[in-house]
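Heads up, the thing below is written out as structure tokens.
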Amino acid sequence: QLTGQLAENRLVEYRPYAKQKEFHAAGAKFRERLLMAGNQLGKTLAAGNEVAMHLTGKYPDWWTGRRWDRPVIGWAAGVTGESTRDTVQRLLLGRPGRHGTGYIPKASIVDSPASRGVPDLVDHIKVKHESGGSSLCLLKSYEKGREKWQGDTVDFVWFDEEPGMDIYSEGLTRTQATGGMVWLTFTPLLGMSDVVMRFLMEDNPDRCVTQMTIDDAEHYSAEERARIIAGYPAHEREARAKGIPTMGSGR
């Protein structure tokens, strides 16, 4: 349980595992990144910390990824408003009623007004940047459709969970004018989808895949790993434990 000052500045405590660090470092070179990992291995945690760093300009000494020396504008998105609130927003702000206990330091949060339609979901997060001025992160969801992803220009987009290709393409387009970047974090339960094939099958110097398996998650013991893997349905074990997309669909 985090208390006091630590609970209000969790960003300083982030120590990535080797695969998470590899994913962050790739941002210095690649415009499109995919952290494809099993369930509960730290993929969303890594991305949430990176968003907090870019919004605040507070980069740790070990950081070798991309840096911005000015305030940024970004999007962070999940499948639905509820899932965005429960994952993306929870990591950035903390749980409802406890804003300031996520990875954006409480002292850096300027504003986080409520969104319409989904209880406890915020519309955006305004954050003080180290260089002066304020960064902005808007929370979005795929369920609103492609039209809600048009028109804006941003520095980065974080897709938490796999989007459809239409949503992904639209988000990527929003970063063209800024020379920005996008990254995705998901477990490949949809198999060899269009988005997965874009990263695994197409040769492009702007793209990078980091694959993280349960063996890369250092918080699990060997016994815990074996128990977790055994608990998954056989046809889902490769995806849920190793981040490997299934070649077929269903069983």
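Summary of values
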item: Percent carbon-and-sulfur accessible area, the chain, ignoring ligands, DNA and RNA, probe 1.4 Å; result: 47
item: Given charges at beta-carbon only (K, R positive; D, E negative), |dipole| of region 78-136 in Debye; result: 140
item: Simple Cβ-charge dipole of region 137-251, Lys/Arg +1 and Asp/Glu -1, about Cα centre, in debye nearest 20; result: 260
item: Net dipole in debye of the chain [+1 Lys, Arg Cβ; -1 Asp, Glu Cβ; about Cα centre; nearest 20]; result: 360
item: Region 1-89: relative contact order in percent, alpha carbon pairs under 8 Å with at least 6 residues between; result: 28
item: Computed [θ] at 222 nm, helices only, for the chain once each DSSP H run of length n ≥ 4 contributes -39500 (n - 2.57); result: -6500 deg cm²/dmol
item: All lysines inside 30 Å of LYS128 as judged from Cα atoms, apart from same-chain residues fewer than 8 positions distant; result: LYS19, LYS21, LYS29, LYS43, LYS58, LYS106, LYS140, LYS144, LYS148
item: Chymotrypsin sites (Phe, Trp or Tyr not before Pro) within region 35-103, DSSP loop, no more than 13 other Cβ atoms inside 10 Å; result: TRP62
item: Surface accessible to a 1.4 Å probe, GLU224 within the full protein complex, Å²; result: 70
item: For the chain: accessible area per residue (Å², 1.4 Å); result: 47
item: Segments 161-169, 50-58 sorted - mean Cβ within 10 Å per residue, highest first; result: 50-58, 161-169
item: Shape call, region 106-186: gyration tensor on alpha carbons, a/c limit 1.5; result: oblate
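The values are calculated or read from the model by the stated rules, or taken from the named source; none is laboratory data. What you see is a predicted model; the values in this text were computed from it and never measured. Neighbour counts run over all protein chains shown; Cβ positions are idealised from the backbone, glycine included. Protein only, heavy atoms only, side chains kept; ligands, DNA and RNA dropped before computing areas. Shrake-Rupley method; radii C 1.70, N 1.55, O 1.52, S 1.80 Å.
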